[in-house]
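Chemist: Before I ask anything, here is the structure I am working with.
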């Protein structure tokens, strides 16, 4: 497939209304669309409040509404664009294969990480202070 054919098929897929494999990967696709939509709406709100504040009302509110509408359509089409939708479907399939840790195992692993990080922090603090004192005694650091 040539580059022009791929670009044409992308734009044709973007303008379609239907759902691609509507029963597969539903949760991951909805969460992805929600995340993209949240980013788009926050962008539109930021434009209205910060970038276009003080402009004419039709500009201050019209442009962000247009960005929100176009971005919402893009979020909807993104999760129904066949290559990306297939990727999200595969992601959901792989997530079902993950073996999640039990609550007790998670607590033990968290405790190990916290104790290790605390110990490492204390050791590095002591090394830093020892070297600070050594360098002061040698006259390399002066303050």
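Chemist: For the chain, what's the radius of gyration and Dmax over Cα atoms, in angstrom?
Modeler: Cα-based Rg and Dmax for the chain come out at 26.7, 75 Å.
Chemist: Please sort 125-136, 68-79 by packing, taking for each peptide the average over its residues of neighbouring beta carbons within 10 angstrom, highest first.
Modeler: Put in order of decreasing packing, that is 68-79, 125-136.
Chemist: With everything on Cα atoms, drop me the angle between helix 82-95 and the longest principal axis of the chain, reported from 0 to 90° to the nearest 10.
Modeler: The answer is roughly 40 degrees.
Chemist: Something else: Starting with the highest mean, order 25-31, 58-64 by the number of other Cβ atoms within 10 Å, averaged over the residues of each peptide.
Modeler: 25-31, 58-64
Chemist: Another question, then. Between 0 and 90 degrees, rounded to the nearest ten: what's the tilt of helix 57-78 against the longest Cα principal axis of the chain?
Modeler: The angle comes out near 90 degrees.
Chemist: If you don't mind, there's one more thing I want to ask. Would you mind computing the Rg to Rh ratio of the stretch 101-143 from its alpha-carbon coordinates, Kirkwood style for Rh?
Modeler: Result: Rg/Rh = 1.40.
Chemist: So what is the relative contact order for the chain, in percent, with contacts set as C-alpha pairs under 8 Å and at least six apart?
Modeler: 28
Rule-based calculations on the coordinates, nothing more; no lab input. Given the structure is predicted, the values throughout are model-derived calculations rather than measurements. Virtual Cβ from ideal backbone geometry, glycine too; neighbours counted across all protein chains shown.
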